[in-house]
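Asks: One structure coming up, written as structure tokens, with questions to follow.
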Protein chains: 2
Amino acid sequence: MTTDLIPGNAVIGQSGGPTAVINQSVVGVIEGLRHHAKAGTGGPIAKILGMRHGVRGLTQGDFHDLTNTPQDFLDRLATSPSAGLGSTRDKPDADYCQRIFEACEKHNIRYFFYIGGNDSSDACRIVNELSTQKGYELRCFHVPKTVDNDLMENDHTPGFPSAARFVATACMADFLDNISLPGIKINVIMGRHAGFLTAASALARRSDRPEHEGPSTDGPQLIYLPEVPFDTDRFTQDVAKIYEAKGRCHIAVSEGISDKDGNPIGATLIKNAQTDDHGNVQLSGSGALGDALATHLKDALTPAGGKPLRVRADTFGYIQRCWPDASPVDAIEARGAGRFAAHLACKGEQDGSVAIRRDSEPGPLEHYESGFKRIDLAQVAAKTRHMPKEFIEGHNNVSQAFLNYARPLIGELPRFERL
Amino acid sequence: MTTDLIPGNAVIGQSGGPTAVINQSVVGVIEGLRHHAKAGTGGPIAKILGMRHGVRGLTQGDFHDLTNTPQDFLDRLATSPSAGLGSTRDKPDADYCQRIFEACEKHNIRYFFYIGGNDSSDACRIVNELSTQKGYELRCFHVPKTVDNDLMENDHTPGFPSAARFVATACMADFLDNISLPGIKINVIMGRHAGFLTAASALARRSDRPEHEGPSTDGPQLIYLPEVPFDTDRFTQDVAKIYEAKGRCHIAVSEGISDKDGNPIGATLIKNAQTDDHGNVQLSGSGALGDALATHLKDALTPAGGKPLRVRADTFGYIQRCWPDASPVDAIEARGAGRFAAHLACKGEQDGSVAIRRDSEPGPLEHYESGFKRIDLAQVAAKTRHMPKEFIEGHNNVSQAFLNYARPLIGELPRFERL
């Protein structure tokens with residue numbers, strides 16, 4: 001197994017928005033390298049280096065030396081949320097990738113592991129091409145990570161199940177709050193282009209409802225995804241209908257909802273919004289979208305001369321990606337994805353991205369099975385996966401197929417009783 | 001013990017913002033009545049009724065009959081967040097209290113339990129006075145509840161420890177996010193007049209830091225309470241100083257921060273803000289305050305012509321009061337407060353409010369002890385307790401005395417590892 005190894009150092013980096021389980025993947029890579037390559041014991045892989053703040057640290061020679069980090073420390077790091085090595089929003093262009101490549105040469109790095117989303121896999125791809133062109137043997141692997149769940153070729157991505165678990169739990173509890181003090185409540189959920197995380201709010205609906213009672217009327221009763229063009233008038237009518245019937249309405253809205261021309265509604269609402277290196281206008285870290293929708297509903301639905309309707313908006317914000325109650329499935333898979341990447345590198349693969357494959361049919365958690373496969377970097381790099389059509393129901397709901405898909409991923413939810 | 005009982009019915013209601021443990025108190029009252037008065041078994045208390053949406057339901061004769069609700073259901077209800085009976089924001093005036101009194105007469109109610117904050121205890125007080133004037137024997141008890149922790153005569157109030165646990169956990173995880181992707185991060189926390197919940201963010205700072213390293217530099221590095229007049233220029237300077245030193249800054253702000261004349265900063269920022277029956281202008285259910293502070297810092301601290309600083313604001317919102325991971329101490333005390341109220345009523349007390357008393361000195365969780373006492377309704381009714389001076393340090397921090405006070409209440413926090 002180790003005959004194919006090139007002597008040199010390995011480097012691991014984290015990129016993009018952190019998650020509750022991204023440190024599991026770092027630890028998985030380290031464990032995989034130690035297992036296969038006797039890293040740090042005089043084996044062919046001399047050092048395992050962590051990039052501080054991703055490729056930014058790599059180009060500056062700024063590393064954590066992880067070669068001899070004790071296993072018990074790693075086990076605790078793995079269950080700590082957020083990117084332990086530090087993350088970055090830098091999107092390397094050709095020049096930047098050249099500097100990454102030079103840093104690899106300089107530090108005798110022969111194994112390059114980058115944990116992140118589709119832009120991170122694109123950086124991997126470019127660095128990999130550069131090293132091939134220059135005849136420098138560098139094995140480049142991408143390990144998937146994103147709460148948005150928007151990577152191609154993956155059944156789902158590490159980070160998503162834990163964020164979905166947070167969203168579902170928060171919506172369960174907040175729906176009880178909405179019953180208790182009725183009104184219109186909007187919850188704004190992360191996901192710029194893909195609606196998976198917003199869709200996960202539907203897991204909050206009580207699933208143990210007897211069939212003869214018909215579909216759940218639990219909140220959120222309305223779900224707005226970035227995949228479905230958002231029409232403000234239709235939204236207002238949807239809310240009015242439920243509010244008239246129940247005296248309350250519980251709504252989940254993606255931060256990425258866009259009009260029929262694809263313009264994100266939220267982007268125009270944040271004052272001095274930042275645009276990152278990826279060309280994305282800031283959507284998170286602001287309550288502007290929720291507040292604008294709440295103000296709109298208050299104006300549109302309050303009867304003339306009447307007392308203003310009780311309309312409230314919460315934006316779940318960064319805690320949805322860092323809440324320290326990871327889905328058990330997610331924790332295991334994120335660790336496994338890191339180990340699998342190390343395994344591929346050590347058995348002689350030149351490059352690739354790790355993807356999660358589901359081996360079981362939709363069904364209860366106890367039947368859930370998954371595994372990993374190697375895919376080409378180009379299959380995932382710089383591409384975005386959206387909610388498939390069969391996961392979307394009408395313009396304001398998700399389908400049973402989505403619930404079957406997502407339920408095994410998030411672990412057991414608490415059970416609440418109500419009168 | 002039961003010789004003093006008046007034959008009749010008992011009624012229990014919940015009022016104001018729900019909490020993670022307010023159902024514990026409902027269940028505690030039921031258990032106390034069953035224990036002392038053999039309620040539902042032909043004993044002197046015939047029925048135990050739950051008011052649907054507090055006094056609003058009572059005046060409309062809208063009840064849940066809880067007399068024979070099975071214990072296993074009650075046990076599950078107790079651990080469910082939010083107000084299971086439904087809550088209300090109605091603030092009864094003299095006329096309203098007259099209608100409450102008439103409803104009690106009509107339904108032969110002789111035991112009145114109301115779980116809520118200082119306005120709920122005031123409603124209890126007025127109804128109690130009315131019944132005394134009319135010579136109708138009605139035993140009126142207030143059971144404390146508020147995440148704001150602002151009730152007089154109480155060491156702390158049920159609901160606060162669980163909300164504080166959420167705030168501390170969220171700030172721990174979000175601080176790691178802030179280290180990972182540096183910038184300026186503002187978290188806006190509930191608490192209109194009292195800063196206890198915002199102060200609880202300080203529990204997020206690592207407490208296991210070796211003494212020789214000096215005070216923790218963990219976030220939040222700056223804490224702004226409603227008790228200290230908020231000065232925007234001073235705030236800007238505070239943030240600039242930490243940002244210059246560290247390249248990041250983690251900030252906790254109360255939704256109730258007010259200028260030197262006592263005007264809440266947030267109240268002017270929410271469009272069409274609602275004013276409730278209590279004269280309070282809406283502060284929650286909006287991201288307006290956080291967004292305004294973020295925009296201000298971006299404008300004030302970005303160098304002329306430079307790239308805008310990364311400034312983000314999250315408003316924790318309603319999940320901080322309903323997150324279903326109650327502090328164990330809080331769950332036990334909320335149940336106990338309900339039982340104690342029933343006990344007082346059954347042993348012949350005419351009226352009163354239950355208050356929590358701490359029986360241990362500040363110290364670790366394992367030495368924590370508390371108990372209950374009866375206080376007069378007037379001692380707690382319509383009054384607000386603020387953070388005592390000795391809990392506040394300077395204009396942007398809390399003291400060690402506050403940490404010693406709060407730490408035993410919130411239970412064990414997760415432990416995170418970092419590189």
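The values are calculated or read from the model by the stated rules, or taken from the named source; none is laboratory data. These numbers come from a predicted model, not from an experiment. Counting neighbours? That spans all protein chains shown, and the Cβs are built from the backbone with ideal geometry, glycine included.
Asks: Have a look at B:162, B:201, B:180 and point out the one that is among the small types (Gly, Ala, Ser) and without any contact (Cβ under 8 Å) to a residue 40 or more places away in the chain. Working first, answer last.
Replies: Numbers: B:162 fails: without any contact (Cβ under 8 Å) to a residue 40 or more places away in the chain; B:201 fails: without any contact (Cβ under 8 Å) to a residue 40 or more places away in the chain.
Just one listed residue meets the conditions, B:180.
Asks: Being surrounded by fewer than 23 Cβ atoms within 10 Å (Cβ to Cβ) and part of a helix (DSSP H, G or I) is the filter here; which residues of the range B:78-103 pass it?
Replies: B:94, B:95, B:96, B:97, B:98, B:99, B:102, B:103 - these are the residues of the range B:78-103 that are surrounded by fewer than 23 Cβ atoms within 10 Å (Cβ to Cβ) and part of a helix (DSSP H, G or I).
Asks: Output the number of the condition that residue A:363 fails; it satisfies all remaining conditions of (1) modelled with pLDDT of 95 or more; (2) over 24 Å from residue A:140 (Cβ atoms).
Replies: It is condition (1) that residue A:363 fails.
Asks: I would also like to ask the following. Give me a count of the residues in the range B:293-336 that are facing chain A (nearest Cβ under 9 Å), part of a helix (DSSP H, G or I) and small (Gly, Ala, Ser). Walk me through it before giving the result.
Replies: At the first step, the residues of the range B:293-336 found to be facing chain A (nearest Cβ under 9 Å) are B:294-295, B:298-299, B:302, B:307-319, B:321-325.
If we keep only those that are part of a helix (DSSP H, G or I) too, we end up with B:294-295, B:298-299, B:319, B:321-322.
Okay, now just the ones that are also small (Gly, Ala, Ser), so B:294.
The number of residues fulfilling the criteria is 1.
Asks: While we're here: Across the range A:100-139, what is the number of residues that are without any contact (Cβ under 8 Å) to a residue 12 or more places away in the chain and within 24 Å of residue B:180 (Cα to Cα)?
Replies: Number satisfying all stated conditions: 0.
Asks: Something else about it: Which residues, taken from the range B:362-377, are assigned to a helix (DSSP H, G or I) and either under 15 Å from residue B:333 (Cα atoms) or under 20 Å from the mean Cα position of the chain (by Cα) (or both)?
Replies: Restricting attention to the range B:362-377, the residues satisfying the condition of being assigned to a helix (DSSP H, G or I) are B:365-367, B:377.
Residues satisfying the conditions are B:365, B:377.
Asks: Residues in the range B:27-44 that are surrounded by 23 or more Cβ atoms within 10 Å (Cβ to Cβ) and more than 20 Å from residue B:332 (Cβ to Cβ): how many?
Replies: Result for the range B:27-44: 2.
Asks: If a residue counts only when it is in contact with a Pro (Cβ under 9 Å, 6 or more places away or on another chain) and of a type in the set (A, V, I, L, M), which helices (runs of 4 or more DSSP H) contained entirely in the range A:110-229 have at least 3 such residues?
Replies: Details: elements: A:118-134, A:160-180, A:196-199.
So the answer is A:118-134, A:160-180.
Asks: Right, another one. Within the range B:164-192, can you find the residues that are of a type outside the set (A, V, I, L, M) and in contact with a Lys or Arg (Cβ under 9 Å, 6 or more places away or on another chain)? Spell out how you get there, then give the answer.
Replies: Looking only at the range B:164-192, we keep the residues that are of a type outside the set (A, V, I, L, M), and these are B:165-166, B:169, B:171, B:174-175, B:177-178, B:180, B:182-183, B:185, B:187, B:191-192.
Of everything in the range B:164-192, those that are of a type outside the set (A, V, I, L, M) and in contact with a Lys or Arg (Cβ under 9 Å, 6 or more places away or on another chain) turn out to be B:166, B:171, B:174, B:175, B:177, B:178, B:182, B:183, B:185.
For every residue, the table says whether it meets (1) closer than 26 Å to residue B:150 by Cα; (2) at pLDDT below 95; (3) under 18 Å from the mean Cα position of the chain (by Cα).
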site	(1), (2), (3)
B:2	no, yes, no
B:14	yes, no, yes
B:49	no, no, no
B:65	no, no, no
B:79	yes, no, yes
B:102	no, no, no
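Asks: Filter the range A:216-255 down to the residues that are among the acidic types (Asp, Glu) and either out of contact with any strand residue (DSSP E or B) (no Cβ under 6 Å at 6 or more places or on another chain) or surrounded by fewer than 24 Cβ atoms within 10 Å (Cβ to Cβ) (or both), then identify the one that is nearest to residue A:283 (Cα to Cα).
Replies: Keep residues of the range A:216-255 that are among the acidic types (Asp, Glu), which gives A:218, A:227, A:231, A:233, A:238, A:244, A:255.
Those still in the list that are either out of contact with any strand residue (DSSP E or B) (no Cβ under 6 Å at 6 or more places or on another chain) or surrounded by fewer than 24 Cβ atoms within 10 Å (Cβ to Cβ) (or both) too: A:218, A:227, A:231, A:233, A:238, A:244.
Working: A:218: 28, A:227: 16, A:231: 19, A:233: 22, A:238: 24, A:244: 31 Å.
The selected residue is A:227.
Asks: Now for a different question. Could you check the range A:256-290 and list, in sequence order, the residues that are touching a residue at least 60 places away in the same chain (Cβ under 8 Å), more than 12 Å from chain B (Cβ to nearest Cβ), in a loop (DSSP other than H, G, I, E, B) and buried (at least 20 other Cβ atoms within 10 Å of the Cβ)?
Replies: Matches in the range A:256-290: A:256 only.
Asks: Right, here's the next one. Out of all the residues in the range B:396-410, which are in a loop (DSSP other than H, G, I, E, B) and touching a Pro at 6+ places or on another chain (Cβ under 8 Å)?
Replies: Within the range B:396-410, the first condition is being in a loop (DSSP other than H, G, I, E, B), and the residues that meet it are B:396, B:399, B:410.
Matches in the range B:396-410: B:410 only.
Asks: Would you mind telling me which numbered condition in (1) touching a Ser or Thr at 6+ places or on another chain (Cβ under 9 Å); (2) more than 30 Å from residue B:314 (Cα to Cα); (3) surrounded by 24 or more Cβ atoms within 10 Å (Cβ to Cβ) residue B:127 fails?
Replies: (1)
Asks: Just the residues that are surrounded by 24 or more Cβ atoms within 10 Å (Cβ to Cβ), more than 8 Å from the chain's Cα centre (by Cα) and among the charged types (D, E, K, R), please, taken from the range B:131-164.
Replies: Scanning the range B:131-164 gives a single hit, B:139.
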